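Working notes for the structure below.
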Amino acid sequence: MLMDDLSQLPTESRNPATENLDRLTPLEFARAMHQADAEAVVAVERELPRIAEAIEAIATRLEHGGHLFYLGAGTSGRLGVLDASECPPTYNTPPEMVQGLIAGGDVALRRSVERAEDDEAQGRRDLEQHGLSSKDVVVGIAASGRTPYVLGAVRYGRELGALTIGLSCVPESLLAEAAELAITPATGPEVVTGSTRMKAGTATKLVLNMLSTGTMVRLGYVFGNLMVNVRPTNTKLRDRAGRIIAMVTGLAYEDAVALLERAGSVKTAIVMEKLGVSREEAEERLKVARGRMRLALEAHPAR
């Protein structure tokens, strides 16, 4: 779909429901915004089958040594960087497993870098510099579905044989055509015309939450709904780790915290307590189960 005429993009069209936005009371304005966000949720719901397909494909690649790269410009890039940066503290993933790249570099996280998004070759160069391979996944994020920086990255990823996913809010966009798998929550016109940090941004954040969380669940970094791979690097996370161990094992909180100190990780602590084994044996059983705690516990009933 040719997108040279930006005025024809649904995300650039004027929203008839908010044409009198400047005349609304604060409460009327809040209701209009809330309604728009509800529309974004519905748009994401229509894409759930594609999101599920992407989760399974990403998890398979990562389990076999691949990496996940998010690329975008402006709001889309910032949302990708945000999602990637949350993975290490939440799931104790190595920083290189999930990476977020933004047009214009890290400086663009805080202020606009004009014209950076228009450089298709830079999308390719950024992935080259980060060592993209055929084992990896490239998720190109662009509300309009036409950002040259993102298109360049996705086209390069496809050339190499990496899995490519296009996340946009415009059906039949250039990005949807370039990627192997397209996720397209069609959010339509924004509350403020063209401000895609709004409905499109909300939908994008929802999809990225699903992709990263679903992938980590598939990889065994979650037990039930507990983040058992959490890295207890601060007071809040140490407290959470202790409470997780206590919930799963039935230990008193103080005993759970002491066990965590001996075990070195939440998963190891739980396996030690549930199976009555040493730290070394617990770690070996988790290794055999590829880190999936449920599998480690079910394969070896508690003594």
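Nothing in this text is a laboratory measurement; each read-out follows from the coordinates by a stated rule. Fair warning: this is a prediction, and the values are worked out from it, not measured in the lab. For neighbour counting, all protein chains shown are included, and Cβ atoms are generated from backbone atoms with ideal geometry for every residue, glycine included.
Tabulated values for the structure
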read-out	value
The stretch 162-231 shape via C-alpha gyration tensor axes, a/c threshold 1.5	oblate
Normalised contact order of the chain, rounded percent, pairs of Cα under 8 Å and 6 or more residues apart	19 percent
Set of lysines with alpha-carbon distance to LYS205 below 30 Å, sequence-local pairs under 8 removed	LYS135, LYS236, LYS267
Extension gain, ASP37 back to TYR253 (0.36 nm per residue minus Cα-Cα distance, nm)	73.8 nm
Computed label-point distance, nm, for sites ASP239 and VAL217 using a 7 Å Cα→Cβ extension	2.7 nm
Interchain or long-range residues, amide H under 5 Å from GLN99's placed H	LEU68, PHE69, TYR70
Potential lengthening between PHE29 and HIS64 on full extension [0.36 nm per residue; Cα-Cα distance subtracted]	7.8 nm
Listed residues VAL248, VAL107, VAL81, most fluctuating in the chain (Gaussian network, C-alpha, under 10 Å)	VAL107
Difference of contour (0.36 nm per residue) and Cα-Cα distance, ARG46 to GLU120	23.7 nm
Calculated FRET value between GLU261 and LEU82, using beta carbons and R₀ = 25 Å, to 0.05	0.20
Overall Cα dimensions of the stretch 6-218, principal axis frame, Å, largest first	54, 36, 31
For the stretch 207-224, Karplus couplings with θ = phi - 60° (6.51, -1.76, 1.60), whole Hz, Gly/Pro x	5, 4, 4, 5, 4, 6, 5, x, 5, 5, 5, 5, 7, x, 7, 10, 10, x
Cα→Cβ-extended label distance, 7 Å offset, between ASP106 and GLU159, nm	2.8 nm
